[in-house]
Amino acid sequence: MLTKLQKKFALSRQGAKDLIKGCLACVLQNLALMFPVGLLYLLVSDLMAGGVPSGKIPFYIAGCILCLALIFLTTWFQYNATYFATYVESGVRRISLAEKLRKLPLSFFGKKDLADLTSTIMADCTFLEQSFSHFIPELFGAILSTTLVAISLFFFDWRMALAALWVIPVSFAIVALSIKVQDRLGQKQMDAKIACADGIQECLETVRDLKSNNAEENYLKGLDKKIKAVEKRAIISEFGTAAFVVSAQLILKLGIATVALVGSLLLMDGSLNVLSFFLFLLVASRLYDPMQAALQNLAAVISTRTHVARMNEILDHPVQEGDSSLRNKGCDMVFTHVGFSYNDGETVLQDVSFTAKQGEVTALVGPSGGGKTTVSRLASRFWDADKGTITVGGMDISKIDPEALLSLYSIVFQDVTLFNNTILENIRIGRKDASDAEVLQAAELANCNEFAEKLPKGFDTLIGENGCELSGGERQRISIARAFLKNAPIILLDEATASLDVENETLIQSALSRLIANKTVLVIAHRMRTVAGADQIVVLADGKVAEQGRPETLLEQNGVYRHMVEVQARSATWTI
Ligand SMILES: Nc1ncnc2c1ncn2[C@@H]1O[C@H](COP(=O)(O)OP(=O)(O)OP(=O)(O)O)[C@@H](O)[C@H]1O
């Protein structure tokens, strides 16, 4: 049962236990609220029998105090069991989602956009928070306590019990019938919300390009449409839910009328006494309140399914697994007949075979879209190859835990990601236990001093979100400093010096040549002069290895590499 609950509501084991406790607490609270009705029944029966005997007054006083104490205790228990446990579980859920996201392969992120994932972690979790603190325990609490009360009503008078209770299954059936409609409306509302969040995020990220292309007005018109679509979808969804819930609540109200009607008829033919009639009227006045709320909650619990499904999509996604002990002999990287596609049917790499030897620089070159970045992604197991094998020091990387594998790599990406922190801490990402002196040494090697010393607080200067206060070249130097600090045996450089001016590029190239000594180096480069000194060139065109060999050998052939070198040599003389 616990496992089923966990799956159904995307809960931890403790969360599932707490949910059961919360429901139980709501049952107790609802039953405690029924005690005054029983006390009132006894009091009225005494009054009708000629007055309350003086010996019974302490009993009624004690009864009142007991009722108050019970209501207080059960409410306190209910509050703790639902609210407190819910917020603890909410924290656990967000952490487990974040932990899962950390372990998911990049292929997952390629298919999901950021706004969607953010909305799952923030908005869906918030919705579930409300569901578990209010909707679900109250719904189950109301159903269970009403069932208990209903059973006892049948002992009193089955005819009156039927008159009071027939409305409950009918009204619940009306809301239950709306499940499909609500699911559809909920999904459409969610899609509209995600499209809108996506649009807002894209607008903020691209504001510079929109302004420079005078495209702001048109873009904002599109965004307005998305915002209006959310509004429209919310109203339709609300209306759809309300139509069913309000109809069901109206049916529920009929219960009091049928109790009054059937009670009067039975009273007239003498088969019901006034006291029982009074009891049923009293119970009916209390019985439907939790049911009214339960109907509302049932509708909300139905829409919980959309949010849980989105969360389970992340939680159930297979993670890349593997051995966490590294048994590589050296760090030669060997691609053997590797084939890959991001999307089914669109081949990106086909039968790619080459060896990047330890102690050598292997350069990947070729026309744009040829598959260079894809090769580096597969080499670091950001994605898994569909065909063939990739080995590092003889280990098949598809069988190695990605985190363990990446401890062998220093990677410098084309697009550098920086954190809103100091330069020092941004470099320390390379090795979190590095001392300040080691970080500063790596920074010096990557020529970061040149710009850091001009900043107001030097290396302790905050660099803004994603390093927005730095130039492209400065950002890239921080990324190179991280690689120096990590000092791993395999180095992947994806256009690592592309944003540097000639002076800095020369300085960093000489520092890089110190870093890469005796390491396996895979360089992606567009500028042929940066790879002229490589030990091996692998030319990738249309996802296949078009040529491979030493640069001077390839220059002698009349192939793609020679053509690229010639074209770039000609372009060097161009002027605007
Ligand atoms: N995340 C992705 N999802 C789907 N297709 C992708 C993805 N990344 C790249 N591609 C496609 O894979 C092919 C190879 O891209 P890749 O980035 O590896 O080429 P590249 O040689 O590095 O290009 P460039 O020199 O322009 O950076 C391209 O057709 C590209 O559109």
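Given the conditions (1) touching a Cys at 6+ places or on another chain (Cβ under 8 Å); (2) not in a helix (DSSP H, G or I), and given that residue 214 satisfies all but one, which numbered condition is not satisfied?
Of everything listed in (1) touching a Cys at 6+ places or on another chain (Cβ under 8 Å); (2) not in a helix (DSSP H, G or I), residue 214 misses just condition (1).
State whether the residues of region 310-320 include one that is outside any loop (DSSP other than H, G, I, E, B), out of contact with any helix residue (DSSP H, G or I) (no Cβ under 6 Å at 6 or more places or on another chain) and within 16 Å of the ligand (Cβ to nearest atom).
No: region 310-320 contains no residue that is outside any loop (DSSP other than H, G, I, E, B), out of contact with any helix residue (DSSP H, G or I) (no Cβ under 6 Å at 6 or more places or on another chain) and within 16 Å of the ligand (Cβ to nearest atom).
Can you confirm whether residue 275 is surrounded by fewer than 19 Cβ atoms within 10 Å (Cβ to Cβ), in contact (Cβ under 8 Å) with a residue 24 or more places away in the chain and in a helix (DSSP H, G or I)? Reasoning before the result, please.
Numbers: surrounded by fewer than 19 Cβ atoms within 10 Å (Cβ to Cβ): yes; in contact (Cβ under 8 Å) with a residue 24 or more places away in the chain: yes; in a helix (DSSP H, G or I): yes.
Yes; evaluated as a whole, the condition is true for this residue.
So that you can scan it fast, the table gives a plain yes or no per residue for (1) out of contact with any helix residue (DSSP H, G or I) (no Cβ under 7 Å at 6 or more places or on another chain); (2) in a loop (DSSP other than H, G, I, E, B); (3) under 24 Å from residue 256 (Cβ atoms):
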| site | (1), (2), (3) |
| --- | --- |
| 151 | yes, no, yes |
| 163 | no, no, yes |
| 175 | no, no, yes |
| 185 | no, no, no |
| 191 | yes, no, no |
| 197 | no, no, no |
| 203 | no, no, no |
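Take region 386-403 and flag every residue that is under 15 Å from residue 105 (Cβ atoms) and not polar (S, T, N, Q). Write out each step before concluding.
Filtering region 386-403 down to residues under 15 Å from residue 105 (Cβ atoms) leaves 386, 390, 397-403.
Of everything in region 386-403, those that are under 15 Å from residue 105 (Cβ atoms) and not polar (S, T, N, Q) turn out to be 386, 390, 397, 399, 400, 401, 402, 403.
Taking into account only those residues within region 321-346 that are within 16 Å of the ligand (Cβ to nearest atom) and touching an Asp or Glu at 6+ places or on another chain (Cβ under 9 Å), which is farthest from residue 379 (Cα to Cα)?
Filtering region 321-346 for residues within 16 Å of the ligand (Cβ to nearest atom) gives 335, 338-346.
Narrowing the set further to residues that are touching an Asp or Glu at 6+ places or on another chain (Cβ under 9 Å) leaves 338-341.
Details: 338: 11, 339: 13, 340: 12, 341: 15 Å.
In this case the residue turns out to be 341.
List pairs: first in region 1-23 and more than 22 Å from residue 121 (Cβ to Cβ) and modelled with pLDDT under 80, second surrounded by 15 or more Cβ atoms within 10 Å (Cβ to Cβ) and of a type outside the set (A, V, I, L, M, F, W, C), Cβ under 7 Å, 6+ apart or cross-chain?
Final answer for the pair search is 2/17.
Can you confirm whether region 169-188 contains a residue that is charged (D, E, K, R) and surrounded by 18 or more Cβ atoms within 10 Å (Cβ to Cβ)?
So far as region 169-188 goes, no, none of its residues is charged (D, E, K, R) and surrounded by 18 or more Cβ atoms within 10 Å (Cβ to Cβ).
If I ask for residues that are part of a helix (DSSP H, G or I) and over 22 Å from residue 332 (Cα atoms), which ones from region 536-552 would you list?
If the condition is that a residue be part of a helix (DSSP H, G or I) and over 22 Å from residue 332 (Cα atoms), then 552 is the only one that fits.
Please identify the pairs in which a residue from region 361-388 that is farther than 12 Å from residue 493 by Cβ and of a type in the set (Gly, Ala, Ser) has its Cβ atom under 6 Å from the Cβ atom of a residue that is within 13 Å of the ligand (Cβ to nearest atom) and assigned to a loop (DSSP other than H, G, I, E, B), counting only partners at least 6 apart or on another chain.
So the pair list comes out as 371/348; 371/543.
Residues in region 480-498: is at least one polar (S, T, N, Q), under 28 Å from residue 349 (Cβ atoms) and in a helix (DSSP H, G or I)? Give the steps one after another, and end with the answer.
Our first condition is that a residue be polar (S, T, N, Q); within region 480-498, this holds for 487, 497.
In the following step, the residues that additionally are under 28 Å from residue 349 (Cβ atoms) were identified as 497.
Those left that are additionally in a helix (DSSP H, G or I): none.
No: zero hits.
If you check every pair at least six apart or on different chains, which have Cβ atoms under 9 Å apart with a residue in region 333-348 that is assigned by TED's automatic domain parsing to the domain that holds residue 109 and at pLDDT 95 or above first and a residue that is within 13 Å of the ligand (Cβ to nearest atom) and among the basic types (Lys, Arg) second?
none
Could you please let me know if residue 322 is surrounded by fewer than 21 Cβ atoms within 10 Å (Cβ to Cβ), farther than 30 Å from residue 193 by Cα and touching a Pro at 6+ places or on another chain (Cβ under 9 Å)?
yes
Go through (1) surrounded by 21 or more Cβ atoms within 10 Å (Cβ to Cβ); (2) under 19 Å from residue 531 (Cα atoms); (3) modelled with pLDDT under 90 for residue 372 and report which single condition fails.
Single failed check for residue 372: (3).
Can you list the helices (runs of 4 or more DSSP H) found entirely within region 82-145 that contain at least 2 residues being within 10 Å of the chain's Cα centre (by Cα) and within 16 Å of the ligand (Cβ to nearest atom)?
Ranges flagged: 114-119.
Return yes when residue 508 is away from the ligand (no atom under 15 Å from the Cβ) and part of a strand (DSSP E or B) and no when it is not.
no
Report yes if residue 557 is in contact with a strand residue (DSSP E or B) (Cβ under 8 Å, 6 or more places away or on another chain), away from the ligand (no atom under 16 Å from the Cβ), more than 23 Å from residue 333 (Cβ to Cβ) and assigned by TED's automatic domain parsing to the domain that holds residue 372, otherwise no.
Yes: the conditions hold for residue 557.
Could you tell me which numbered condition residue 264 fails, if it satisfies all but one of (1) modelled with pLDDT of 85 or more; (2) outside any helix (DSSP H, G or I); (3) not hydrophobic (A, V, I, L, M, F, W, C)?
(2) is the only condition that residue 264 fails.
So for region 81-98 (the condition being of a type in the set (D, E, K, R), without any contact (Cβ under 8 Å) to a residue 12 or more places away in the chain and under 23 Å from residue 318 (Cα atoms)), does at least one residue qualify?
no
How many residues are crowded, with 17+ Cβ neighbours inside 10 Å and either within 16 Å of the ligand (Cβ to nearest atom) or assigned to a loop (DSSP other than H, G, I, E, B) (or both) when one looks only at region 389-420?
8
Applying the selection to region 425-439, what residues are part of a helix (DSSP H, G or I), buried (at least 18 other Cβ atoms within 10 Å of the Cβ) and of a type in the set (A, V, I, L, M, F, W, C)? Walk me through it before giving the result.
We begin by selecting, within region 425-439, every residue part of a helix (DSSP H, G or I); these are 425-428, 436-439.
Narrowing further to those that are buried (at least 18 other Cβ atoms within 10 Å of the Cβ): 426-428, 439.
Result: 427, 439.
Table: residues versus (1) within 22 Å of residue 30 (Cα to Cα); (2) at pLDDT below 80.
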site	(1), (2)
107	no, yes
110	no, yes
128	no, no
139	yes, no
155	yes, no
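It is to be established whether one or more residues within region 109-121 are in contact (Cβ under 8 Å) with a residue 24 or more places away in the chain, touching a Phe, Trp or Tyr at 6+ places or on another chain (Cβ under 9 Å) and under 28 Å from residue 79 (Cβ atoms).
For region 109-121, residues in contact (Cβ under 8 Å) with a residue 24 or more places away in the chain, touching a Phe, Trp or Tyr at 6+ places or on another chain (Cβ under 9 Å) and under 28 Å from residue 79 (Cβ atoms): absent.
Tell me, please, whether a residue that is under 24 Å from residue 19 (Cβ atoms) and in contact (Cβ under 8 Å) with a residue 12 or more places away in the chain can be found in region 40-53.
No: region 40-53 contains no residue that is under 24 Å from residue 19 (Cβ atoms) and in contact (Cβ under 8 Å) with a residue 12 or more places away in the chain.
Name every residue in region 352-380 that is away from the ligand (no atom under 15 Å from the Cβ) and part of a loop (DSSP other than H, G, I, E, B), in order of residue number.
Across region 352-380, the qualifying residues are 357, 358, 359, 360.
The values are calculated or read from the model by the stated rules, or taken from the named source; none is laboratory data. From a predicted model like this one, the values you see are computed outputs, not experimental measurements. Note that each Cβ is placed from the backbone with ideal geometry, even for glycine, and that neighbours are counted across all protein chains shown.
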